[in-house]
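Taking it in order: structure first as structure tokens, then the write-up.
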There are 2 protein chains.
Amino acid sequence: MRTGTGYEHTPVPLLADVAHELEQIFAAKNAQAQSYGNKFGQLWSLVAKQIRGGKAVRPWLFLETYYALDRGRHLENETSGLPAQRTPTRPVQSDVARIAAAIEALHFAFLLHDDVIDADTMRRGKPNLIGELIQQHQDVANNNGAPNSLVTHYAQTGGILAGNLLLAAAHQIFARVQLPEQSRIRLLDVLDETVFETTAGEFNDVGLSAGVIACDLPTVVDMSARKTAVYTFELPLRAAVALSGGSLKLEQSLVSATTHLGLAYQLQDDLLSTFGDPTAHGKDPYSDLREGKQTAIIHFARQTTMWPQIAANFGNPDLDTESAVKMRDTLIQCGAEAFVRSLVEEQMQLFHQKLHRADGEATIPADVRDLLSNVATNLQGRQS
Amino acid sequence: MRTGTGYEHTPVPLLADVAHELEQIFAAKNAQAQSYGNKFGQLWSLVAKQIRGGKAVRPWLFLETYYALDRGRHLENETSGLPAQRTPTRPVQSDVARIAAAIEALHFAFLLHDDVIDADTMRRGKPNLIGELIQQHQDVANNNGAPNSLVTHYAQTGGILAGNLLLAAAHQIFARVQLPEQSRIRLLDVLDETVFETTAGEFNDVGLSAGVIACDLPTVVDMSARKTAVYTFELPLRAAVALSGGSLKLEQSLVSATTHLGLAYQLQDDLLSTFGDPTAHGKDPYSDLREGKQTAIIHFARQTTMWPQIAANFGNPDLDTESAVKMRDTLIQCGAEAFVRSLVEEQMQLFHQKLHRADGEATIPADVRDLLSNVATNLQGRQS
């Protein structure tokens, strides 16, 4: 498709370029970080190391969408006989990779704060930032006679502060994109709305677990979609449209469709956490049950006669594996697993409908439709 | 001084305009916040209410410095016969008030996270955001039978997330200033360096208290300066210079002088927390002693023969008032209070020297010198 269009002469940022941008962010401030004390230097190096461990799903989605749209624009110019040159709003290539890096930095900022809030010390089967900080300082603590709780507090503070630094870094990158003011403001709006909505989702999640917010299905489902799906799907797609100079209507069409994809993704995540294979998903098994996380699974179970069997131990921080396995089996027997699987199916169908028939909205270009269909297919078979 | 220069025709943003800008920030997103659930709406309203409770010292310093520099530039133009019109880099008036609001938002973001990290529920003699969230939900928790620890966790999560929203808001404001790219980037650099250095200070503070970082006087003093003084003095002054189109050398001269002012301010803050009148400073009395905060006071005491009397209870979270009063008296007797007072004096002298004799750097304009001298005089007599 690209042959003969001249398009192949434009260097396309790949995930390797995103990794390079992330390295640059950390390298640029490394000397300064080290000068603020070796513990802060250690924290900075640790964040730099850990951010490389991700699958970079969001930067990938952003880059693929951006280039599908950019290619479309290029072909359009060719067909219309216009010269295939940069339009005034076309970003420089390094800015494309940089925005992708900012999207990953924002994701990691949310993960870090989520781990602090959930008091988790593991992620993807390995110690997370908090876990590594605790390991690094266990000896120091023992030598000084400081109790472990102080080291845990130190590590969790590291999680909060590292999250802040990445949140700030994402904003700094969006703020410095070399585009005309209007396009830059549009990108900043996308970031602003993403941060606001994700934060609301996180707060509602904790409110539900704390019993401060009453648990009903629409609330649980709304919370799930806001907490993860917005920054996982809407942010990369909207940023790609904004950066490529696409219409606000196209942004809206993509949001309409991927809201359902995002919800399916989050519901599936809940299923994996509770019923999946921990050796595949790498999370602390049964942590959702131990934390008393209010998911659609739990909401369904609560309406059944089997709920008392679950309620007794649900949210017990000391839940042992045997009781957790029993609880998981009860959740299957009462029909909660099947119910949530049917919700995933329903959301996937809605996604495909919206993808192909944008009600009175902009038509999603074929390349982007194909890309998102592939994403949906991959999601359905995922184990992690 | 302003009479006859035509300067008085330019509307000057005042603190009332800053308060208005802050109100606008919250009003603009209020409907959206409420739509994300009434608990998130409550959080948003609570932050809006609490941010109004501050003394707005930093926005005041920024505005006064900005107008002193802007006035100077105006007079210079008049003397040189140039027309007193906007230079191309001059910001719009609303942006000046908006940057002042962003400086206050950033300050409040740091306070919120500091309160989470220190597990404080009071600030300025009143419940802080965490304290108010706990009060609001005590009944809900009791009705649902949820233990208080869940409500505390919910409230602390509110503190983390509200801090994130304000950190993001400060970046969004800096990013949207209507100035040529070069000036905008310069402002973004100031913000970036401020966030990075303040974060390092906060991390080192917790590292010192946790016993992870070895406690010596230069480390304690460095940490103190970074944690609060940078965003209290350097940020407002540097932002004022950058926004008024002043030189980088002038920024540097102001930083050289106010580093000492900031350090004096922070050391004085430590003195007030331990030896001041709680009814005047409004903080939880003796919380520094209860938290085991490593200050210059404690560092001095540690070198004296009276340290064992202090060490026994220092950092005890259940320290009662009687023991705290005794500890405070011992800190006076061992000479720690007098030592830190002498450090404050020394830093104040260094500040005045640097203010009047910028070593090979830009001369600080007389109006700004007078302003900063007044700030220093007011600091010396402060009770809160």
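Scan B:D329, B:D318 and give me the residue that is of a type in the set (D, E, K, R), in a helix (DSSP H, G or I) and surrounded by fewer than 17 Cβ atoms within 10 Å (Cβ to Cβ).
Going through B:D329, B:D318 in turn, the sole match is B:D329.
Any idea how many residues of segment B:36-48 are modelled with pLDDT of 95 or more and either more than 8 Å from chain A (Cβ to nearest Cβ) or more than 24 Å from A:A210 (Cβ to Cβ) (or both)?
Result for segment B:36-48: 7.
Go through B:S224, B:S253, B:S273, B:S209 for me and flag whichever is within 11 Å of another protein chain (Cβ to nearest Cβ) and either touching a Ser or Thr at 6+ places or on another chain (Cβ under 8 Å) or within 29 Å of B:V325 (Cα to Cα) (or both).
B:S209
Among (1) over 24 Å from A:E197 (Cβ atoms); (2) within 18 Å of the chain's Cα centre (by Cα), there is one condition A:I134 misses while meeting the rest; what is its number?
Here A:I134 clears every test but (2).
Return yes or no: is A:Q309 of a type in the set (S, T, N, Q) and part of a helix (DSSP H, G or I)?
yes
Condition first: over 30 Å from A:P127 (Cα atoms) and of a type in the set (K, R). Now tell me which residues in segment A:282-336 satisfy that.
If the condition is that a residue be over 30 Å from A:P127 (Cα atoms) and of a type in the set (K, R), then A:R302 is the only one that fits.
Between residues in segment B:256-282 that are in contact (Cβ under 8 Å) with a residue 24 or more places away in the chain and residues that are among the polar types (S, T, N, Q) and part of a helix (DSSP H, G or I), which pairs lie under 6 Å by C-beta distance while being six or more apart or on different chains?
B:H260/B:Q347; B:L263/B:Q347; B:A264/B:Q347; B:Q266/B:S224; B:Q266/B:T228
Identify, please: which residue in segment B:176-196 is at the interface with chain A (Cβ under 7 Å from one of its Cβ atoms) and part of a helix (DSSP H, G or I) and is, among those, surrounded by the fewest Cβ atoms within 10 Å (Cβ to Cβ)? Reasoning before the result, please.
Filtering segment B:176-196 for residues at the interface with chain A (Cβ under 7 Å from one of its Cβ atoms) gives B:176, B:185, B:188, B:192, B:195-196.
Those left that are additionally part of a helix (DSSP H, G or I): B:185, B:188, B:192, B:195-196.
Values: B:I185: 16, B:L188: 19, B:D192: 20, B:V195: 26, B:F196: 22.
Among those that are at the interface with chain A (Cβ under 7 Å from one of its Cβ atoms) and part of a helix (DSSP H, G or I), it is B:I185.
Quick check on A:T219: is it closer than 21 Å to A:L111 by Cβ, out of contact with any Lys or Arg (no Cβ under 8 Å at 6 or more places or on another chain) and either more than 9 Å from every other protein chain (Cβ to nearest Cβ) or assigned to a helix (DSSP H, G or I) (or both)?
no
The values are calculated or read from the model by the stated rules, or taken from the named source; none is laboratory data. Remember, it's a predicted structure, so these values are computed and weren't measured experimentally. Glycine gets a Cβ as well: all are built from the backbone with ideal geometry, and neighbour counts include every protein chain shown.
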